[in-house]
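Enquirer: My questions will all concern the structure given below.
The values are calculated or read from the model by the stated rules, or taken from the named source; none is laboratory data. Just so you know, these numbers come straight off a predicted model, no measurement behind them. Here the Cβ is made from the backbone with ideal geometry for all residues, glycine too, and neighbour counts use every protein chain on show. SASA here: full protein model, heavy atoms, side chains in, ligands and nucleic acids out. Shrake-Rupley method; radii C 1.70, N 1.55, O 1.52, S 1.80 Å.
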Amino acid sequence: MTAKRLSAPTLLLLPAVLVLAAVVVVPLCLSFYSSFTPFRLTRPETFFTFIGLRNYRNILSDANFWWAFGRTVLLLTIALNLEMLLGLGLALLVEKASRGQRLLRTIMMFPMMFSPILVGFQFKFMFNDNIGLVNNALQSLGLTRDAIPWLIEGHLAFIAISIAEIWSSTSIFAILILAGLLAMPKEPVEAARVDGCTPWQTFRYVTWPFIMPFAYIAMTIRSLDVARAYDIVKIMTDGGPAGRTELLWTLVARTAYSDARMGVANAMAYFSILLSIVFTVYFFKKLAAARTQIGAEW
């Protein structure tokens, strides 16, 4: 009896499946299993000790974890809303431009071309107490006499991180919303003007419902990015001062590598994934509702 031969499509896909299994599926399974163990990098034998849900119970009673969780949600809320407003404003301005629109679109994409690590170094220098551009500009304009400790005081450091995140990713909202504006048919806008609608009414009841799906797509993408923010925070403050800018993934990295508690860190990571899932599901529902509304009205 001859063995069944694999079809050509299966043979072509098999290398990709094997690579994905090796670099994605197997590490995920091992990390998920280790979240149920007291695995420490300095004691490899602990990887084979099963302790059930103890790690998850410990992190749920850990105040530092909940503070990091709350800061992540706060950063996500601030960043998404400000990026959406600024991106919307940029998209409306570029859409109104009669000349040089291609150049403006290219310039608008520059921030998203920089890696988060480079953005972190850039803003760490800008918010430096002594030689930073921000303090020098404020002092030159006479707005402040003393240097502001941007990266030393907790609340100011969080503001600096938020500014860096917003600067680097507002262009995502701007590009996607601009795509919606350019794809929007002109007849409904012209009809609204003929009916005597004000510019605000035209935007609120005609333009905004059409571009809402594009805004929700951008929010879905950015919610996943901000929920696992690490690079910018690591470079600018490393979670300091005194842990006041510690976010979920900086805490996970510190627990895993500085404290060598890999099992606890993986438990934190899998619990943190719930935050990304919640925001993704929420924005997908909003996206589906917006698309349904467009289909009904247009």
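Enquirer: From largest to smallest, what semi-axes in whole angstrom does segment 13-98 give when each is the square root of 5 times an eigenvalue of its alpha carbon gyration tensor?
Expert: 41, 25, 8
Enquirer: Right, another one. So what's the Cα pair-distance distribution over segment 115-272, bin width 10 Å, in %?
Expert: 10, 26, 24, 20, 15, 5, 1
Enquirer: Something else now. Label S258 and I159 with points 7 Å out from Cα along Cα→Cβ: what is the distance between them in nm?
Expert: 2.5
Enquirer: Moving on to the next point. How much area per residue is accessible in the chain when the probe is 1.4 Å and only protein heavy atoms are counted (Å²)?
Expert: On a per-residue basis, 58 Å².
Enquirer: Can you count the Lys pairs in segment 26-297 with C-alpha separation below 29 Å, eight or more apart or on different chains?
Expert: 5
Enquirer: In addition: Can you work out the Karplus-derived ³J(HN,Hα) for every residue in segment 43-49? Use 6.51 cos²θ - 1.76 cosθ + 1.60 with θ = phi - 60°, whole Hz, and x for glycine or proline.
Expert: These are the phi-based 3J(HN,Hα) values: 9, x, 5, 6, 4, 9, 9 Hz.
Enquirer: What is the extension gain from K96 to V17, computed as 0.36 nm multiplied by their sequence separation minus the C-alpha to C-alpha distance, in nm to one decimal?
Expert: Between K96 and V17, full extension yields 23.7 nm more.
Enquirer: Between I51 and L74, what FRET efficiency follows from the Cβ-Cβ distance if R0 is 22 Å, with the result rounded to 0.05?
Expert: 0.10
Enquirer: Sticking with this structure for a sec: How much of the accessible area of the chain, probe 1.4 Å, is carbon plus sulfur, in whole percent?
Expert: The computed percentage sits at 68.
Enquirer: I've got another one for you. For segment 124-208, take every pair of Cα atoms, bin their distances at 10 Å starting from 0, and report each bin as a whole percent.
Expert: Spelled out per bin, shortest first, that is 15, 27, 17, 17, 19, 5.
Enquirer: Turning to a different aspect of this structure: What base-10 log of the normalised intensity I(q)/I(0) is obtained for segment 1-63 from the Debye formula, alpha carbons as equal point scatterers, at q = 0.17, 0.20, 0.25 Å⁻¹?
Expert: -0.73, -0.84, -1.05
Enquirer: Using θ = phi - 60° and the Karplus form 6.51 cos²θ - 1.76 cosθ + 1.60, what ³J(HN,Hα) does each residue of segment 256-268 get, whole Hz, x for Gly and Pro?
Expert: 6, 9, 6, 8, 6, 8, 5, x, 5, 4, 5, 4, 4
Enquirer: Quick check for you: which residues of segment 249-282 have the amide N under 17 Å from the point 7 Å beyond the Cα of T42 toward its beta carbon?
Expert: Under 17 Å, as judged by backbone N against the label point of T42, lie 254-265 of segment 249-282.
Enquirer: Give the Kirkwood hydrodynamic radius (Å, one decimal) of segment 26-297, defined as one over the mean of 1/r across all pairs of different Cα atoms.
Expert: Taking every pair of different Cα atoms in segment 26-297, averaging 1/r and inverting gives 21.2 Å.
Enquirer: Hey, another quick one. Run through every distinct alpha carbon pair of segment 61-197 and return the Kirkwood hydrodynamic radius in angstroms, one decimal place.
Expert: Hydrodynamic radius (Kirkwood, Cα only) of segment 61-197 equals 17.8 Å.
Enquirer: May I ask you to compute the full-extension gain from A289 to Y270, defined as 0.36 nm times their residue separation minus their alpha-carbon distance, rounded to one decimal in nm?
Expert: Extra length available between A289 and Y270 comes to 3.9 nm.
Enquirer: Give me a comma-separated list of calculated 3J(HN,Hα) values for segment 147-162, in order, Karplus coefficients 6.51, -1.76, 1.60 applied at θ = phi - 60°, integers in Hz, x for any Gly or Pro.
Expert: 5, 8, x, 4, 9, 10, 8, x, 5, 5, 5, 5, 5, 4, 5, 4
Enquirer: Another one. In whole angstrom, how far apart do the alpha carbon centroids of segment 236-294 and segment 1-64 sit?
Expert: Going from one Cα centre to the other spans 20 Å.
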